[in-house]
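Enquirer: Can you keep this structure in mind? I'll have questions shortly.
Throughout, read-outs are computed from the coordinates displayed, never taken from laboratory work. Computed from a predicted structure; not experimentally measured. So basically every Cβ, Gly included, is an ideal-geometry build from the backbone, and we count neighbours across all protein chains shown.
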Amino acid sequence: MRRAAAPGTFGADDTARTAMHIVHHAHLKQQRSDGEQRFAAADRSLGVMAFEVWMRRLEPGVHSIEKQHDGELVVLVLSGCGKLLIDGGPQRFAAPCTVLVPPHRPFQFVNHGSEAMQMVAVCTARPVPIDN
């Protein structure tokens, strides 16, 4: 006999896996600071335990704070161009592309283009800000 999914959990049994669950982004808490907008599209608050999905937008000329992850980070760049500051130097990129950031490496995104940079970040651990 299968156990039912605990309230608020995702994918705990076949019923939960086949049911469609829609989360409208307009209902999620938006975070804004210095030209950067972000929100968690999927995280523990929505019952997703193994990873998180973040929507991010960097305005032209803006950079993210320097941080690192204890787990893996994959970022899909949907629009814009910029550079990833990692391992002491910049790595330039332009949408559409995928940015892979290894665990335990300090990094920072910089939008050096003329349009907003739209990104979807998937991570297995929350970021840790770097104190400089």
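Enquirer: Pop out the ³J(HN,Hα) list for region 45-53 in order, Karplus 6.51 cos²θ - 1.76 cosθ + 1.60 with θ = phi - 60°, rounded to Hz; leave Gly and Pro as x.
Expert: Residue by residue, region 45-53 yields 5, 9, x, 8, 9, 8, 7, 10, 10 Hz.
Enquirer: By how many nm would the segment from V122 to M49 lengthen if fully extended, with 0.36 nm per residue of separation less the alpha-carbon distance?
Expert: 25.0 nm
Enquirer: Order these by the 10 Å Cβ neighbour count, fewest first: R126, R57.
Expert: So the ranking, lowest neighbour count to highest, is R126, R57.
Enquirer: Can you put V122, V75, V23 in order of Cβ neighbours within 10 angstrom, beginning with the fewest?
Expert: By the 10 Å Cβ count, ascending: V23, V122, V75.
Enquirer: Sequence-distant or interchain residues sharing an amide H contact under 5 Å with A41, placed H: which?
Expert: Amide H to amide H, under 5 Å and 5 or more residues apart or across chains, A41 pairs with V53, W54, M55.
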